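K.L.:
I have a structure I would like to understand better, so I am pasting it below and will then ask my questions one at a time.
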Amino acid sequence: MKLEKMFFHKFLEVLFSDTVKVKYWDGNEEKIGEGKAKFEVIFNDKISKKETLRDPFMSLGEAYMDNVLDFKGNLREILESIYKNKDSFLNDVGTFSKLYKVIPNTIKKSKKNVRYHYDLGNDFYNLWLDKTMTYSCAYFKTPEDSLYEAQVNKVQYILKKLNLKKGQRLLDIGCGWGALIIEAAKQYGVHAVGITLSKEQYDKVNQRIKENHLEDKVEVRLEDYRELVGKVDKFDRIVSVGMIEHLGRKNLKIYMESVKSMLVQGGVALLHCITAQTESEVNQWTKKYIFPGGYIPSIRELVSLMADNDLHLVDAESLRLHYYMTLKYWAENFENALDEVREMKDEKFIRMWRLYLNGCAASFHYGVIDIHQFLITNGLNNEIPMTRDHLYK
């Protein structure tokens, strides 16, 4: 027992950027760092030293889910304290990703993976998303914007970037609950097709289409993007928001080739996705419990694949702090809805999602990931506005 406590003392000593108080499983307490402790780390039971050395993401993530490991203090700020220490394991996912077995995402596997996360139930997501049911990075024109206002801003911002014209055909790959394709049809008079692998999302989008009387303008399909290639007329515009993170690294090439093949010459596409500085697999805890089959592409991977397919990069914009604010809202909304969540899910699920939402917020604030919007054209397009002025009117 003494050796185990010595190990975790050494582990925690180089983990946080702030002073912490530690309470061990035998009731003993100590302070690590100088000055007043900002947080408290609580071991309700022993955690495997071997498993923590092998993969701290999985070991500590599962320990928190099972309430073997707990904290006192703001969870997001606690995780930010770890991210601020550049020598911590949270900043070194690449080392551990070498141990992870990667299974390619076939169409069948992709459907299973997406439904694992997104078919938790519309009632569940409705508890903590805004009323547009938008589950991707919002766009805050001011820090005072509500989550709803920021999500409306995001949709409008993307539609402006796409430079839509009445009568054009728009494809939304991974359309979520349909906010973007509904607004595109209503405001710009385009014919929009949305695809999703989530049955819950598919049903909700169909409901929204009928409520807005857009049956002649908007269509939603329960299909994989690979099932569309060569089977539909080409599109003038393609948009993909928060979808390619589900592809897996081996399918990035197929995805970019598919966008190329479904886009008219001179057509415009907007890719909105989480990005990494360098190439590495997502940590195993996230893959097992949150996003099976997930992969965050590096910026250079994406830009290289664009060039390979004569897709010209017109504009690239980081929205990192916008996603931090979005996730902060989601995490707060989730906590405020705990009574309703408990009627649907058990405590282990609640702790898992609390860690996921706060961990993502911390990572966008001080961590290792970013999010970008890439505007690309199939070949040259001389009709795209030369400045960003139109985006801010």
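K.L.:
Quick one: residue 371 ticks every box in (1) farther than 16 Å from residue 135 by Cα; (2) modelled with pLDDT of 95 or more; (3) not in a helix (DSSP H, G or I) bar one, so which box is it?
P.N.:
(1)
K.L.:
Here are some residues: 93, 102. Which one is within 18 Å of the chain's Cα centre (by Cα) and modelled with pLDDT under 80?
P.N.:
Exactly one residue qualifies, and that residue is 93.
K.L.:
Could you pull out every one of the helices (runs of 4 or more DSSP H) wholly within the range 295-349 that has 2 or more residues that are surrounded by fewer than 16 Cβ atoms within 10 Å (Cβ to Cβ) and either at pLDDT below 95 or touching a helix residue (DSSP H, G or I) at 6+ places or on another chain (Cβ under 9 Å) (or both)?
P.N.:
Per the criteria, 320-336, 338-342.
K.L.:
Please determine, by comparing only the residues of the range 15-65 that are part of a strand (DSSP E or B) and of a type in the set (Phe, Trp, Tyr), which one is nearest to residue 367 (Cα to Cα).
P.N.:
It comes out as 39.
K.L.:
Oh, and also: Can you tell me which residue among 389, 346, 339, 315 is closer than 30 Å to residue 259 by Cβ, without any contact (Cβ under 8 Å) to a residue 12 or more places away in the chain and over 13 Å from the mean Cα position of the chain (by Cα)?
P.N.:
From the options 389, 346, 339, 315, the qualifying one is 389.
K.L.:
Taking the residues in the range 61-77 that are aliphatic (A, V, I, L, M) and free of Cβ contacts under 8 Å to residues at least 40 places away in the same chain as candidates, determine which candidate is farthest from residue 23 (Cα to Cα).
P.N.:
Selected residue: 63.
K.L.:
What number of residues within the range 354-385 satisfy the criterion of being in contact (Cβ under 8 Å) with a residue 60 or more places away in the chain and either within 27 Å of residue 57 (Cα to Cα) or among the charged types (D, E, K, R) (or both)?
P.N.:
17
K.L.:
From the list 274, 290, which residue is aliphatic (A, V, I, L, M) and modelled with pLDDT under 95?
P.N.:
290
K.L.:
When you scan the range 288-306, do you find a residue that is out of contact with any strand residue (DSSP E or B) (no Cβ under 6 Å at 6 or more places or on another chain), under 19 Å from residue 125 (Cβ atoms) and β-branched (Val, Ile, Thr), even just one?
P.N.:
Within the range 288-306 (the criterion being out of contact with any strand residue (DSSP E or B) (no Cβ under 6 Å at 6 or more places or on another chain), under 19 Å from residue 125 (Cβ atoms) and β-branched (Val, Ile, Thr)), the answer is yes, since at least one residue qualifies.
Each row is one residue, and each column tells you yes or no for (1) assigned to a loop (DSSP other than H, G, I, E, B); (2) touching a strand residue (DSSP E or B) at 6+ places or on another chain (Cβ under 6 Å).
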site	(1), (2)
176	yes, no
186	no, no
210	no, no
226	no, no
240	no, yes
253	no, no
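K.L.:
Counting just the residues of the range 159-186 that are within 23 Å of the chain's Cα centre (by Cα) and surrounded by fewer than 21 Cβ atoms within 10 Å (Cβ to Cβ), which one comes out farthest from residue 209 (Cα to Cα)?
P.N.:
Per the stated criteria, the residue is 160.
K.L.:
Let me ask something else. Looking at (1) more than 14 Å from residue 173 (Cα to Cα); (2) not in a helix (DSSP H, G or I), which one does residue 286 not meet, given that it meets all the others?
P.N.:
All conditions pass for residue 286, except number (2).
K.L.:
Residues in the range 188-201: is at least one over 12 Å from residue 171 (Cα atoms), at pLDDT below 95 and of a type in the set (Asp, Glu)?
P.N.:
yes
The values are calculated or read from the model by the stated rules, or taken from the named source; none is laboratory data. These numbers were taken from a predicted model, which means no experiment stands behind them. No Cβ is skipped: glycine too gets one built from the backbone with ideal geometry, and neighbour counts run over all protein chains shown.
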